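A.B. asks: A single structure is presented below for examination.
Rule-based calculations on the coordinates, nothing more; no lab input. Quick caveat: nothing in here was measured; it's all calculated off a predicted structure. Cβ coordinates were reconstructed from backbone atoms using ideal geometry, including for glycine residues, and neighbour counts include every protein chain displayed.
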């Protein structure tokens, strides 16, 4: 098989090729490392490439298979790790100049589980400072770029992961999502990712540490729904070191893919009552929502009319950032990005009363969503308000309306970090400029199986994985 095809082969198919000895884990790993060497200078998807470690792991994995020992579906599958997860013996920057030389002495629980699965870690992917931006620029180097158009952003904060998956620089990737940071890059890069319900994947050693994060959750990014489900299965489950994680064992996410979407009650909203959205995005995602009628679902537009929850989200997000990183203002203020400093400073300005009011507002939003989901199984929206925009040029106007440039393009993602629900972005079309557009699929908290099953049904009805970006 040509190396370009192998780079875009799903993990489920690579598993068969490896087990049938049609290709070796070492050969696959070497191929991906060559691709990273060739393409990463154009994309800046990886901050750190662990070539020697990856080859050593590949050789060890080959020996295990020769002994008849398999660790499961990810054994030997190349993966990238977002650089908000700490990795023992490997530079872990948090996307910040402050930590550019930081080498931890332990792994986060996500990395522990990736290693236990037998996946081959190729390196650490690019992220904005502390994951506090929806695009991936930091002071460690050039901006991360979108393989569909390198003048455009891949989004963030898992922008490096999205670019790497889209360009065939890994098979699957770990991301994390504290306000849309899995779904934003998936929407901009034409990949699939799911934010699990808060607590589904333990956060020990990553996702906002040392700050406590109400919103952050690690999850999978991939080119197919099945690959995302396989990785989620490896990551999910309780851990005693995280008292905020779900205590029950997770369901079988892979088996849930076969349940389809028939009979699901679906609500569709193009704007949630407050969002400014590009008309072309509304058109593309509206058509995509109607595909679910072909799949045996009922699709209603119930006229959801929320007040914009962004001010509440921003206050809580910033307060928690200050709790973890406030000391850096005095110790390393000159090394911080403008957006990182602004986030922490906003948190410093908040009072205890401000925080209490914000928490009450968040609970009111949670109650609104619980009421909605008494009548519906899923909620669909656009993933993003516009397709990917030029690097460093956040849009001040969308759909003829003024927006906050730094966050206005992602009005649909952060509310479901606030409600702790699971949500995915699935590719559903392309703009007139040839840029991907994503459909946002939201489920109840703890019901990833519904989201995955519906995603898989849509994927089968409107396949996308054979589309490859120009930089690949």
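A.B. asks: Taking the Cα centre of each part, how many Å lie between the range 231-253 and the range 301-316?
C.D. replies: Spelled out, the Cα-based centre of one part sits 29 Å from the other.
A.B. asks: Separate question: How much length is gained if the chain between residue 393 and residue 265 is pulled fully straight, taking 0.36 nm per residue apart and subtracting their Cα-Cα distance, in nm to one decimal?
C.D. replies: Extending this stretch completely gives an extra 42.2 nm.
A.B. asks: Let me know the shape class of the range 100-212, please: from the alpha-carbon gyration tensor, a ≥ b ≥ c as square roots of the eigenvalues, rounded when a/c is under 1.5, otherwise prolate if a/b is greater than b/c, or oblate. It would help to have the intermediate numbers written out before the result.
C.D. replies: Working: a/c = 1.45, a/b = 1.35, b/c = 1.07.
Rounded is the answer for the range 100-212, as its axis ratio a/c remains below 1.5.
A.B. asks: Sorted by packing (mean other beta-carbon atoms within 10 Å per residue), highest first, where do 421-430, 459-468, 218-227 land?
C.D. replies: 218-227, 421-430, 459-468
A.B. asks: How high is the FRET efficiency between residue 301 and residue 42 when r is their beta carbon distance and R₀ equals 35 Å, given to the nearest 0.05? Walk me through the numbers before you get to the answer.
C.D. replies: Numbers: r = 41 Å, r/R0 = 1.18.
The pair residue 301/residue 42 has a calculated efficiency of 0.25.
A.B. asks: While we're here: In whole Å, how far is the Cα centre of the range 1-33 from that of the range 346-395?
C.D. replies: Taking the Cα centre of each part, the range 1-33 and the range 346-395 sit 40 Å apart.
A.B. asks: Give me the percent of DSSP beta bridges within the range 1-134 that run antiparallel, rounded to the nearest 5.
C.D. replies: Close to 45 percent.
A.B. asks: Now for a separate question. Could you tell me whether the range 136-178 comes out rounded, prolate or oblate from its Cα gyration tensor? Rule is a ≥ b ≥ c as square roots of the eigenvalues, rounded for a/c under 1.5, then prolate if a/b exceeds b/c, otherwise oblate.
C.D. replies: Numbers: a/c = 1.76, a/b = 1.13, b/c = 1.56.
Here the range 136-178 falls in the oblate category.
A.B. asks: Need one number: nm distance between label points at residue 359 and residue 466, each 7 Å from Cα along Cα→Cβ, rounded to one decimal.
C.D. replies: 5.3 nm
A.B. asks: Hey, can you rank 432-441, 177-186, 6-15 by average C-beta count inside 10 Å, highest first?
C.D. replies: On the way: 432-441: 21.3, 177-186: 33.6, 6-15: 19.0.
Packing proxy ranking, top to bottom: 177-186, 432-441, 6-15.
A.B. asks: For the range 408-443 and the range 85-143, what is the separation of their C-alpha centers, rounded to whole Å?
C.D. replies: Rounded to whole Å, the Cα centres lie 24 Å apart.
A.B. asks: Please figure out what share of the DSSP beta bridges in the chain is antiparallel and state it in percent, rounded to the nearest 5.
C.D. replies: In the chain, approximately 70 percent of DSSP beta bridges are antiparallel ones.
A.B. asks: Shape call for the range 14-163 from the C-alpha gyration tensor, a ≥ b ≥ c root eigenvalues: rounded (a/c under 1.5), prolate (a/b greater than b/c) or oblate?
C.D. replies: Verdict is prolate for the range 14-163.
A.B. asks: Compute the Rg to Rh ratio over the range 412-472 from the alpha carbon atoms, using the Kirkwood formula for Rh, and round to two decimal places.
C.D. replies: On the Cα set of the range 412-472, Rg over Rh gives 1.04.
A.B. asks: Can I ask one more? What percent do you get for the relative contact order of the chain when only Cα pairs under 8 Å and 6+ apart count? Working shown, then result.
C.D. replies: Values: 1141 pairs, mean separation 80.5, N = 472.
Relative contact order here is 17 percent.
A.B. asks: Given all pairs of different Cα atoms, what value in angstroms does the Kirkwood hydrodynamic radius of the range 24-75 take?
C.D. replies: Final number for the Kirkwood radius of the range 24-75 is 12.1 Å.
A.B. asks: Same structure, new question: Which order, highest average first, do 190-203, 399-412 follow once you tally other Cβ atoms within 10 Å for each residue and take the mean per peptide?
C.D. replies: 190-203, 399-412
A.B. asks: Give me the percent of Cα-Cα pairs in the chain that sit more than 39 Å apart, rounded to a whole number.
C.D. replies: Across the chain, Cα pairs with separations above 39 Å total 14 percent.
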